[in-house]
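*Asks:* Following this message is one structure expressed as structure tokens.
The values are calculated or read from the model by the stated rules, or taken from the named source; none is laboratory data. None of these values were measured; they are calculated from a predicted model. Note that we place each Cβ from the backbone using ideal geometry, even for glycine, and neighbour counts take in every protein chain shown. SASA here: full protein model, heavy atoms, side chains in, ligands and nucleic acids out. Shrake-Rupley method; radii C 1.70, N 1.55, O 1.52, S 1.80 Å.
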Amino acid sequence: MAIAQPASRPVNPRFSSGPCAKPPAFTLDKLSGAALGRSHRAAIGKAKLKAAIDETREILGIPADYRIGIVPASDTGAVEMAMWSMLGARKATMLAWESFGAGWVTDVVKQLKIDAEVKEAGYGEIVDFAEVDFDTDVVFTWNGTTSGVRVPNGDAIPADRAGLTICDATSAAFAMDLPWDKLDVVTFSWQKVLGGEAAHGMLILSPRAVERLESYTPAWPLPKLFRMTKGGKLNEGIFKGETINTPSMLAVEDYLVALDWARSVGGLKGLIARADANTAAVSAFVETHDWIDFLASDPATRSNTSVCVKFTDARIKDGAAFAKAVAKRLEAENAALDVGAYRDAPPGLRIWCGSTVETADVEALLPWIEWAFEAEIAAQTEAA
């Protein structure tokens, strides 16, 4: 039997997993200080780009000897720069348990044609890191944005590894405690946990990654946008805000505003706490409703940002159609926007619970999920 609609809606129904919700109380006038119409190589442009790098280091606690660069093409560009520039010096190991990790496998195996071992796990599961040879170069996502599965910690990564660890952390950075000493290359994009604008990526390199760049030349030609060395030495300018191509100074200003907000809520600890509180609200709902469950089977590997759930009721005839119909009902009622599962993922909902989302909005959404579920069950019964 269908139930009555909840009395209230989320104040902000934006639960998209990218671009994600802007920080609370964001308004366009906060961007009034942007260096619009100015060269990114002018003093004001360089200062803002350098501030974006320095404040990222401060909030994330990135070691002083790690380089941080702003690069083109979002997280995808950053990952591709790392793989095309560094892989091939030794055997690689590719780890994949969701769509984006699988995409990196395709690039390495089919495009670069590198000698690589591929270890995969299905949606909701994760590769066993204890079985990974870290004397190879290992490429993996820290948080599976399309599966809701994350690496629980870096304990299995040895300190004395011979290979590089290349980590796509795009929906993990600013919401999870990354073990920097275990990661040689880390990438993320502004439009995820901090709700920044798209098109720019962050590339973070350990001293070991820099050594690889300066000692190894790939067998294939590198496009200009991928080149990080000059005359066999690291192009340090990239890691001081001298971007390879022209950045959007409006997007840079937006990122700086987001970083200011991050500090106002307690920095990294505060951001993690906000994401954890959002995910706890979803968890409490799942525990008290037997027709819904997390896609991630192990609580230790469940994401606190891209929270993926599935419908488990035996009355559902077509899981994909049912989940799409529920998401459509939620959007029509302005209760939740863009919460359908990723196109390659199993049917269900994907609720962004990153730090810019208010817990009160997550709590207000959950009764609407129940309403939409019951309404669709009733519609399915009537159609039969």
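*Asks:* Using a probe radius of 1.4 Å on heavy atoms only, what accessible surface per residue do you get for region 254-310? Whole Å² is fine.
*Replies:* 37 Å²
*Asks:* Given the DSSP H assignment, sum -39500 (n - 2.57) over each helix run of at least 4 residues in the chain and divide by its residue total; what's the result at 222 nm in deg cm²/dmol, nearest 500?
*Replies:* -10500 deg cm²/dmol, from helical runs alone.
*Asks:* Tell me the volume per residue, in Å³, of the convex hull enclosing the alpha carbons of region 18-103.
*Replies:* Considering the Cα atoms of region 18-103, their hull volume per residue is 182 Å³.
*Asks:* Next question, about the same structure. Over region 113-176, give the accessible area per residue in Å² for a 1.4 Å probe, as an integer.
*Replies:* Here the per-residue accessible area is 34 Å².
*Asks:* What is the packing order of peptides 11-18, 27-34, 316-323, taking the mean over residues of other C-beta atoms within 10 Å and listing the highest first?
*Replies:* 11-18, 316-323, 27-34
*Asks:* What is the angle, in °, between the Cα long axis of helix 319-332 and the longest principal axis of the Cα atoms in the chain? Nearest 10 is fine, range 0 to 90.
*Replies:* With both axes taken from Cα atoms, the answer is about 90 degrees.
*Asks:* Once phi is turned into θ = phi - 60°, what whole-Hz ³J(HN,Hα) does the Karplus curve with 6.51, -1.76 and 1.60 give for every residue of region 189-205, x standing for Gly and Pro?
*Replies:* Residue by residue, region 189-205 yields 10, 6, 7, 9, 4, 8, x, x, 8, 7, 5, 10, x, 10, 10, 10, 10 Hz.
*Asks:* Filter the chymotrypsin sites (Phe, Trp or Tyr not before Pro) in region 179-257 to those in DSSP coil with at most 15 other Cβ atoms within 10 Å of their Cβ, and list the result.
*Replies:* Working: sites: Trp180, Phe188, Trp190, Tyr216, Phe226, Phe239, Tyr255; in loops: Trp190, Tyr216.
For chymotrypsin sites (Phe, Trp or Tyr not before Pro) across region 179-257 that sit outside H, G, I, E and B with at most 15 neighbouring Cβ atoms in 10 Å, the list reads Tyr216.
*Asks:* Over its Cα atoms, what ratio of radius of gyration to 2.2 N^0.38 Å does region 289-342 give?
*Replies:* 1.21
*Asks:* Ok, one more. To one decimal place, what orientation-averaged projected area in nm² is obtained for the convex hull of the Cα set of the chain?
*Replies:* Result: a mean projected hull area of 19.6 nm².
*Asks:* To the nearest Å, what is the center-to-center distance of region 148-198 and region 113-137, using C-alpha atoms only?
*Replies:* 16 Å
*Asks:* Need the full-extension length gain, Glu214 to Ala314, defined as separation in residues times 0.36 nm minus the C-alpha distance. One decimal, nm.
*Replies:* Value of the extension gain: 30.2 nm.
*Asks:* Among Ala284, Pro10, Cys167, whose Cα projects farthest towards the positive end of the dipole of the chain, with charges put on the beta-carbon of Lys, Arg (+1) and Asp, Glu (-1)?
*Replies:* The one lying farthest along the dipole's positive direction is Cys167.
*Asks:* So how strong a dipole does region 319-384 carry about its Cα centre when Lys and Arg Cβ are +1 and Asp and Glu Cβ are -1, to the nearest 20 debye?
*Replies:* 300 debye
*Asks:* Counting only protein heavy atoms and using a 1.4 Å probe, what share of the accessible area of the chain belongs to carbon plus sulfur, as a whole percent? Show your work: numbers first, answer last.
*Replies:* Values: 8100 of 15770 Å².
Here carbon and sulfur together make up 51 percent of the probe-accessible area.
*Asks:* Scan around Val149 for amide H atoms under 5 Å from its own, H built in the peptide plane at 1.01 Å from N, and keep only partners 5 or more places away or cross-chain.
*Replies:* Under 5 Å from the amide H of Val149 lie the amide H atoms of Gly144, Ser303, each far enough along the sequence or on another chain.
*Asks:* Can you give the accessible area per residue of region 1-90, in Å², using a 1.4 Å probe?
*Replies:* On a per-residue basis, 47 Å².
*Asks:* Oh, and also: Between 0 and 90 degrees, rounded to the nearest ten: what's the tilt of helix 43-60 against the longest Cα principal axis of the chain?
*Replies:* On a 0 to 90 degree scale, this one is about 60.
*Asks:* How far, in degrees from 0 to 90, does helix 359-383 lean away from the longest principal axis of the Cα atoms of the chain, to the nearest 10?
*Replies:* Roughly 50 degrees between the two axes.
*Asks:* Nearest 5 is fine: what % of DSSP beta bridges in the chain come out antiparallel, could you say?
*Replies:* Details: 24 of 40 bridges.
Approximately 60 percent, going by the DSSP bridge assignments.
*Asks:* I've got another one for you. Using θ = phi - 60° and the Karplus form 6.51 cos²θ - 1.76 cosθ + 1.60, what ³J(HN,Hα) does each residue of region 141-153 get, whole Hz, x for Gly and Pro?
*Replies:* 8, 6, 10, x, 4, 9, 10, x, 10, 10, 6, x, 5
*Asks:* Calculate the length of the line joining the C-alpha centroid of region 200-227 to that of region 309-352, in whole Å.
*Replies:* One Cα centre to the other: 40 Å.
*Asks:* Could you name the lysines in cross-link range of Lys192, using Cα to Cα under 21 Å and dropping any fewer than eight places away on the same chain?
*Replies:* Hits, sequence-local ones excluded: Lys22, Lys30, Lys48, Lys50, Lys269.
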